[in-house]
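Each remark here refers to the structure printed beneath this line.
The values are calculated or read from the model by the stated rules, or taken from the named source; none is laboratory data. Everything numeric here is computed off the predicted structure, so don't read it as measured data. Please note: Cβ atoms are built from the backbone with ideal geometry, for glycine as well, and neighbour counts cover all protein chains shown.
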Amino acid sequence: MMLPCPHCGDRDVSEFRYGGDASKERPAHGTGDLQTWNDYVFLFENPKGPHTEYWQHVLGCRRWFKLARNTATNEIGGVVS
Amino acid sequence: MTTFRRLPKGGRIDRAKPVSARFDGKSLGGFAGDTLASALLANDKVLVGRSFKYHRPRGIVAAGIEEPNGLFTLGEGATTEPNVAATMVDLVEGLVAKTQNAWPSADFDLMAVNSILSPLFQSGFYYKTLMGPSKGSWMFYEPFIRKAAGLGKATDLPDPDRYDMRFAFCDVLVIGSGPAGLAAALTAGRSGARVVLAEQDSDFGGSLLSGNDAEHEAWRIACVEELKGLSNVEAFTRTTVQGLYDGNLAVLVENRSHLRPDAKKGEARMLLTQLRAKAIVMATGAIERPLVFSNNDRPGVMLASALRTYANRYAVAPDKRAVIAANNDTAYQVALDLADAGVPVTVADHRAAVSADILSRAGAKGIAIFPGSGIFDVEGSKGVKRVKLGGTHAVTIECDVVGMAGGWSPVVHLSSHGGIKPKYDEAVAGFVPGGFAPSHFGAGAMMGTFGLSAAVAEGANAGASAASSAGFGKTRPIYAPEHATDRTYAILPTWTPAYSAKGKAFVDFQSDVTIKDVKTAHQEGYRSVEHLKRYTTLGMGTDQGKTSNINALALMAEYRGITIPEAGTTTFRPPYAPLTMGAIAGRTVGAHFRPVRLSPLNDWHAKNGGIFIDAGLWKRAWYYAWAGNSPETAYVKEMELVRRGVGLADVSTLGKIDIQGPDAAEFLNRVYVNGFAKLPVGKVRYGVMLNDDGIVLDDGTTARITENQFYMTTTTAQAGEVMSWLEYLLQMHWPELNVQVASLTDEWAGMAVSGPKAREALQLAFPEADLSDAALPYMGCKDIRFDGVTVRLLRMSFSGELAYEVHVAADYAISLWEHILKAAASTGIKPYGLEALASLRIEKGHVAGLELDHRNTLDDLGLGKMAGKEKDYVGKALRFREDCQRPERWSLVGLELMEPDKKLRGGSILFAATDEIKGHGRGYITSVTWSTELNKFIALGLFDGGLKHEGEEIIAAFPLKNEQARLKIVSPHFIDKEGARLHA
């Protein structure tokens, strides 16, 4: 699988690290509500199909980005801003 | 009795180049161009092995990669390679091959007694007999069964051969070089696209290599010549595409074993290529199926197409007469070619009628045809003596060879590696690709397109489409040879044998699965093809059922009264064909198994008595020869040096991160639980980070170098993780913070100067620096210039003694280290290693990687009071979730051994004094050391409820060595609780 690093272009997946579900908004720093953080940290959809994920080009330019990927087919939908 | 003979002329062998190999200790002669299989047949070695379970005599069945029986052990000693199909081995001078699974020899095999015991070996035998009432029976029988029913034996010597791996890229990959593949490669190549053509055989041409038509051969040669002349085309023989993966990644393995005897030192025996292609054309051909009838496994019973290949390509033909059992027209191509080679042929055709065209062509060559007939039985024990037919013409025919023309199975494996299931095609009576990814194309027999001109047309079309999909527009297609007639196929599939006698009728030769086994599986309820496979072991051999799968699932469909598409296929997964582990490992073996990280001081340690230990990827100085020969005594001496004098340790492996920007203080204040916003310039602070879930991520220190520049150190183990985490937060979540982070872990070195004489030693090293307690107090830092180089001094302590860390750019590490040792020699300063470093911190009660197990909270580690009450920090909310507040959480304790004659071990399980010693206990020991201060073994551990139990006696159990010891729970701070030494 090739992933499109926004800085370096298409690179092999072995150069990247997976950073988890990017479909949810991280609570603002300082949010004190336990439930909000609980839902953000522990509850995931784990969809079979289109998904948005965090990836880092960790063995390259170290850029983090959000990526649209189909978890069933590995079809890459591109970088999500 | 002769079964096969070498024809006086013809074939693709080079009769001017005789080759001599060794087979079972004897000389085996042949010619360049032979395979091991063709040489065996040419020497009339028809019985070449014994079958897997029943030890029945077996011979070569096929001429290609699908060969189920002819597996041999190649090489000797360290180069031994078991289970290699003879059909895929070039006969080269010096080749050594041995039969497998027979003792003492294939011809006289004592294990053949299994054949008499055969009722024992029916499907499900292992489960029924050995998993039975007595639990120990499998344990008892297993070694005997493994020995009797084995394949070849691998060597346990290190492999002396070299294997290589490379990455490559191309526009169009064409897999297979039969008529369709050649047409595809040439059409794509003429467009200017970079083409890679991969052929698993030793020559290009596929089915054309098995023919005897001069015009077809001229066409083949013209194609290959043109391909070789195109600079944008690379064509590889002996190269199998083992798998297709996401992103059009193909894994190619080139086998250069035939070069082995002449290989220069260092030349790879196999080359694995990870090839990325913009478009892929699969022209992988088809494999002929055997027919299922009584004793269809006798040596001399072969695939019909294999007989044609051996006759035309290797000039090896049946001696007296061949009988071909057929259910389709392609059998007649074999019959005609055998007749051309002078072999009398009889065809028993299952179909009631054969076309007039075939009848007249066959009749002209004296081929006898029995329509509406099939094989009833094969007679002869170690070979074929005669066959009895059943059906319309129930006659007996004396013959030495039987050809099976059961139809063709397209090689759809690669097309389904991406998850697209193949679909059943009635006209083909086989599975064809169920579809293709957008940049994938198929052509020729793998699509069920069997005729030559049709295959060439489809190949040219696929090549043009692939080139176009890769961005190359204009090309000229290639056309089939002028007189290419498309053979007819007209298959009438026969799954259940119509006339078969009661002898064993094999479905899978390699796994020794008979039609009766498939029936038994059905009767016992193993009806899904996946269950059938696992219950009978069908298709689970090294050939992965290339000849057997379709027959088996068609039989199961018949028993179940459903259609073949309803029965479905098993899943095809890489690798397509067996490959040696070395090809996958490549050069990643031995010392190159994983990367090695070296401290910039590594060379000094190596030259000066450092003994190394692996710590993650790092090689670290464990202890030094000055302190003794064994780690047990050396580290104690090094600890004493630090406690009483001064020592120097390499701490370069710590993660080091430069953090700069106007918002750097705010950033640190967010990621650390304790306050960093107001850290003064020139000060260092210990800090702890949490993950979002409130669990401790790492601890470390950060120094404020200037108003907007900080210098962070992390633990060695978490350096990469922390760096990524900081980048994640800055790049994805806090873009409003103007902060840059850069890793200096490899760019900077660190060394710890520790002990009561540390200041004295450092002052001797840096005479011009003011190192007084007032100028550089505990947790102070300053950059000084020494000999034109910036040296960073951080007064902090891991050991609990007066201590400094000295950091400098890696290039200067060794000269600075040597300077300190030399300048401060009067203090008795010496190096100390990782074991002492880790032991000193246990005495001080500092947590490290062993305690930070990604399950503990701040409170578990006794660090809860550090966290800012008013400020916000990552992980604050979830730190207070219910589970993190449980009073019985495993928490940090100090432990003292109560029984001086015993030893303590890391990893011991902790129990309360009254507990039964069983199960997971109430915690475990994380770190152990001998304490030079207390003269006893001490430890850190995590224990249920932690220091609430201070003063209690508990038990440490080490079940692996059946050891138990009494311990007392104490404060983890074993020495200098007030910190007087730190502030000295």
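When A:GLY9, A:GLY19, A:GLY60 are checked against the criterion of being among the small types (Gly, Ala, Ser), surrounded by fewer than 17 Cβ atoms within 10 Å (Cβ to Cβ), in contact with a strand residue (DSSP E or B) (Cβ under 8 Å, 6 or more places away or on another chain) and at pLDDT 95 or above, a single residue qualifies: A:GLY60.
State whether the residues of the stretch B:617-631 include one that is among the aliphatic types (A, V, I, L, M) and within 40 Å of the chain's Cα centre (by Cα). Yes; the residues of the stretch B:617-631 include at least one that is among the aliphatic types (A, V, I, L, M) and within 40 Å of the chain's Cα centre (by Cα). Contact map, the stretch B:758-776: first residue on the phi > 0 side of the Ramachandran plot, second residue at pLDDT below 95 and assigned to a loop (DSSP other than H, G, I, E, B), Cβ cut-off under 8 Å, separation 6 or more or different chains; the map is empty.
Please indicate, with yes or no, whether at least one residue in the stretch B:253-263 is within 30 Å of B:ARG587 (Cβ to Cβ), of a type in the set (Lys, Arg) and at pLDDT 95 or above. First the steps, then the outcome.
Quick first cut of the stretch B:253-263, residues within 30 Å of B:ARG587 (Cβ to Cβ) only: B:253-263.
Then drop every residue that is not of a type in the set (Lys, Arg), which leaves B:256, B:260.
In the following step, the residues that additionally are at pLDDT 95 or above were identified as none.
Within the stretch B:253-263 (the criterion being within 30 Å of B:ARG587 (Cβ to Cβ), of a type in the set (Lys, Arg) and at pLDDT 95 or above), the answer is no, since none of the residues qualifies.
Residues in the stretch B:947-965 that are within 26 Å of B:PRO887 (Cα to Cα) and among the acidic types (Asp, Glu): B:GLU950, B:GLU952, B:GLU953. Where strands (runs of 3 or more DSSP E) fall entirely within the stretch B:601-679, none has at least 3 residues that are within 20 Å of B:MET796 (Cβ to Cβ) and aromatic (Phe, Trp, Tyr).
Taken together, the residues in the stretch B:686-704 that are assigned to a strand (DSSP E or B) and either within 10 Å of chain A (Cβ to nearest Cβ) or buried (at least 18 other Cβ atoms within 10 Å of the Cβ) (or both) amount to 13. Applying the criterion of at least 2 residues that are closer than 30 Å to B:MET796 by Cα to the strands (runs of 3 or more DSSP E) found wholly in the stretch B:880-984 leaves B:890-897, B:923-931, B:936-944, B:963-970.
Taking the criterion of being hydrophobic (A, V, I, L, M, F, W, C) and either under 12 Å from the mean Cα position of the chain (by Cα) or more than 12 Å from chain B (Cβ to nearest Cβ) (or both), the residues of the stretch A:46-72 that qualify are A:TRP55, A:TRP64, A:PHE65, A:LEU67, A:ALA68. Scanning the stretch B:811-824 finds no residues that are among the acidic types (Asp, Glu), surrounded by fewer than 21 Cβ atoms within 10 Å (Cβ to Cβ), modelled with pLDDT of 95 or more and not in a helix (DSSP H, G or I). Cβ separations smaller than 9 Å between residues 6+ apart or across chains give the following pairs from the stretch A:1-22 residues that are more than 28 Å from B:ASP692 (Cα to Cα) and more than 10 Å from every other protein chain (Cβ to nearest Cβ) to residues that are of a type in the set (A, V, I, L, M, F, W, C) and in a loop (DSSP other than H, G, I, E, B): A:CYS8/A:CYS61; A:ARG11/A:LEU59. Say we look at the stretch B:26-40 and pick out the residues that are surrounded by fewer than 24 Cβ atoms within 10 Å (Cβ to Cβ) and either free of Cβ contacts under 8 Å to residues at least 40 places away in the same chain or over 34 Å from the mean Cα position of the chain (by Cα) (or both); which of these is farthest from B:TYR310 (Cα to Cα)? Step by step, filter the stretch B:26-40, then rank; the result is B:LYS26.
Among the residues of the stretch B:318-372, which ones are of a type in the set (S, T, N, Q) and under 23 Å from B:ALA429 (Cα atoms)? Walk me through how you get there before you give the answer.
Pass one, the stretch B:318-372, residues of a type in the set (S, T, N, Q): B:327-328, B:330, B:333, B:346, B:355, B:360.
Scanning the stretch B:318-372 gives B:ASN327, B:ASN328, B:THR330, B:GLN333, B:SER355.
Any residue that is within 14 Å of chain A (Cβ to nearest Cβ) and surrounded by fewer than 23 Cβ atoms within 10 Å (Cβ to Cβ) - is there at least one of those in the stretch B:885-892?
Step one: list which residues in the stretch B:885-892 are within 14 Å of chain A (Cβ to nearest Cβ), which gives B:885.
Then drop every residue that is not surrounded by fewer than 23 Cβ atoms within 10 Å (Cβ to Cβ), which leaves B:885.
Yes; the residues of the stretch B:885-892 include at least one that is within 14 Å of chain A (Cβ to nearest Cβ) and surrounded by fewer than 23 Cβ atoms within 10 Å (Cβ to Cβ).
Among the conditions (1) within 14 Å of chain A (Cβ to nearest Cβ); (2) more than 40 Å from the chain's Cα centre (by Cα); (3) of a type in the set (A, V, I, L, M), the only one that B:LEU878 does not satisfy is (2).
For the stretch B:833-846, the count of residues that are touching a residue at least 60 places away in the same chain (Cβ under 8 Å) and in a loop (DSSP other than H, G, I, E, B) is nonzero.
The test for being away from chain A (no Cβ under 14 Å), within 17 Å of B:TRP930 (Cβ to Cβ) and among the charged types (D, E, K, R) does not hold for B:ASP860.
Scanning the stretch B:184-228 for residues that are in a helix (DSSP H, G or I) and of a type in the set (Gly, Ala, Ser) yields B:ALA184, B:ALA185, B:ALA188, B:GLY189, B:GLY206, B:SER207, B:SER210, B:ALA214, B:ALA218, B:ALA222. When B:THR537 is tested against (1) of a type in the set (Ser, Thr, Tyr); (2) under 25 Å from the mean Cα position of the chain (by Cα); (3) over 24 Å from B:PHE72 (Cβ atoms), exactly one condition is not met: (3).
Out of the strands (runs of 3 or more DSSP E) lying entirely within the stretch B:722-787, which hold 1 or more residues that are within 14 Å of another protein chain (Cβ to nearest Cβ)?
Values: elements: B:740-743, B:748-754, B:781-786.
Qualifying strands (runs of 3 or more DSSP E): B:740-743.
If you go through the stretch A:24-38 and keep only what is modelled with pLDDT of 95 or more and either surrounded by 18 or more Cβ atoms within 10 Å (Cβ to Cβ) or away from chain B (no Cβ under 11 Å) (or both), you end up with just A:TRP37. Applying the condition of being under 22 Å from B:ASN312 (Cα atoms) and free of Cβ contacts under 8 Å to residues at least 40 places away in the same chain to the stretch B:41-98 and asking which residue is surrounded by the most Cβ atoms within 10 Å (Cβ to Cβ) yields B:GLY70. Return yes when B:GLY582 is at positive phi and out of contact with any His (no Cβ under 8 Å at 6 or more places or on another chain) and no when it is not. Judged against the criteria, B:GLY582 is not a match. Taking the stretch B:348-375 as the range and being of a type in the set (Lys, Arg) and buried (at least 17 other Cβ atoms within 10 Å of the Cβ) as the test, only B:ARG351 passes.
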